[in-house]
Amino acid sequence: MATIRELARHCGVSVATVSRVFNTPEVVSPETRQRILDSAREIGYQPNESARTLATKKSHLVGLVWDTDHRRPGWRHPFLQEILVALKTALSGHELHLLMLAAADSSGPDARQRYLHAVHRHNLDGLVIIDNGDRDPAVLALADADVPCVALDLRVVGAMSTYVTSDNAGGAALAARHLVERGHRRIATITGPQRTWPGAERLTGFRAALAGAGLELPGAYVVEGDFYLDGGHAAMRRLLALAEPPTAVFAAGDEMAIGAMRAVTEAGLRVPEDVAVVGFDDIDVAALVPPGLTTIAQDKAGFGTAAAAALVAMLRGQPCEPTALPTTLVVRGST
């Protein structure tokens, strides 16, 4: 690979000028900058990232904090995978790269210091947090760190932190009103974990919409799930065992909704004739299961774009308000 001195000789400029093109390009004239960039491609020069970091005090690295313990199911949830792809794509457009910050036990007594140490050791420009809940002390420490921080579906706000979320309550209300409009009166819900912000918000929105339609939500019609297939399956079996089972169910996540549909079929009943089901997320498989799953769609690409935009804004010293993305109802065969 060509060196910076070889590129400078090739262009007839100083090494300092070449360095400025890759580190502070705004101080170099457009003509000179373009000539050096063209020559760099021609002779195969790539700037040394370690040297760039030392020169600019910027690593172009964004730390990703996620539930990295293999014993936890977070990694395999399709909605989170789609968000991660969208985030990676959006950050790449700003020449920022993701670096996973892994801790075997993110809730352990040393997790806070391990994460903070990693932020400074790698000279991270920013942070993105996807985790189980904003009560985690390690998450709260990162939100107060001295680098821009964007949390996804976590309500953390600090001097240099913000968050991106969906209109969880509004989306759940859409699901409730849709089932009421279909003529259902015995409507139950399989909630997400109530320690999570999306889980709690979706239950709040669903309950409020039913109340607005003059319907009660009995305690037996509220079963807490875990956002995964088996949780939805088990919760639906509990609902079907009631003396007066519901005729419609809103599951606060598509995987739970698909698990619930399986439980209905195993009980010798039909979806939607005996039990209508609505999910939340609009993961790819929602359109493929028989019958297609009616669901509340989240803007997965929008999550990545909004998070990247917030990080870039804060890197430029601009204030950044939290973002709540709209949700939409997608009607398919399950209702």
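The values are calculated or read from the model by the stated rules, or taken from the named source; none is laboratory data. Here the structure is a predicted model, which is why all the values come from computation and not from measurement. Virtual Cβ from ideal backbone geometry, glycine too; neighbours counted across all protein chains shown. Note: areas computed on protein heavy atoms with side chains; ligands, DNA, RNA excluded. Shrake-Rupley method; radii C 1.70, N 1.55, O 1.52, S 1.80 Å.
Across PRO47, PRO193, PRO246, mean-square fluctuation computed from a Gaussian network of the chain (C-alpha pairs under 10 Å connected) peaks at PRO47.
Phi angles across the stretch 232-249 convert, under the Karplus curve 6.51 cos²θ - 1.76 cosθ + 1.60 with θ = phi - 60°, into 3J(HN,Hα) values of x, 5, 5, 5, 5, 4, 5, 5, 5, 7, 5, 4, 10, x, x, 9, 8, 9 Hz, Gly and Pro given as x. Across the chain, the convex hull enclosing all Cα atoms gives 158 Å³ per residue.
About its Cα centre, the dipole of the stretch 191-335 is roughly 160 debye, where the only charges are +1 on Lys and Arg Cβ and -1 on Asp and Glu Cβ.
For ASP282, the residues whose modelled amide H falls within less than 5 Å of its own, excluding neighbours fewer than 5 places apart on the same chain, are ASP254, ILE296, GLN298. Summarising the strand pairing of the chain, around 10 percent of its internal DSSP beta bridges are antiparallel. Evaluated with a Cβ-only charge set (Lys, Arg +1; Asp, Glu -1), the chain carries a dipole of roughly 480 debye about its Cα centre, given to the nearest 20.
What FRET efficiency do you get for GLU266 and ALA208 if R0 is 41 Å and r is their Cβ-Cβ distance, rounded to the nearest 0.05?
0.80
A simple rule links phi to the HN-Hα coupling: the Karplus curve 6.51 cos²θ - 1.76 cosθ + 1.60 with θ = phi - 60°, which for the stretch 174-185 gives 4, 5, 4, 5, 4, 5, 5, 5, 7, x, 7, 10 Hz, with x for Gly and Pro.
Computed with a 1.4 Å probe over protein heavy atoms only, the accessible surface of the chain comes to 47 Å² per residue. Given the options CYS320, LEU293, LEU229, identify the residue whose Cα lies farthest towards the positive end of the charge dipole of the stretch 224-335 (+1 on Cβ of Lys, Arg; -1 on Cβ of Asp, Glu). Toward the positive end, the furthest listed residue is CYS320.
Phi angles across the stretch 10-25 convert, under the Karplus curve 6.51 cos²θ - 1.76 cosθ + 1.60 with θ = phi - 60°, into 3J(HN,Hα) values of 4, 8, x, 10, 7, 4, 4, 5, 4, 4, 5, 4, 8, 10, 9, x Hz, Gly and Pro given as x.
For ASN123 and SER29, FRET efficiency with R0 = 22 Å and r from the beta-carbon atoms, rounded to 0.05? Step by step, r from the Cβ atoms, then E = 0.15.
A cut-off of 5 Å between modelled amide H atoms, ignoring neighbours fewer than 5 places along the same chain, links GLU224 with THR191.
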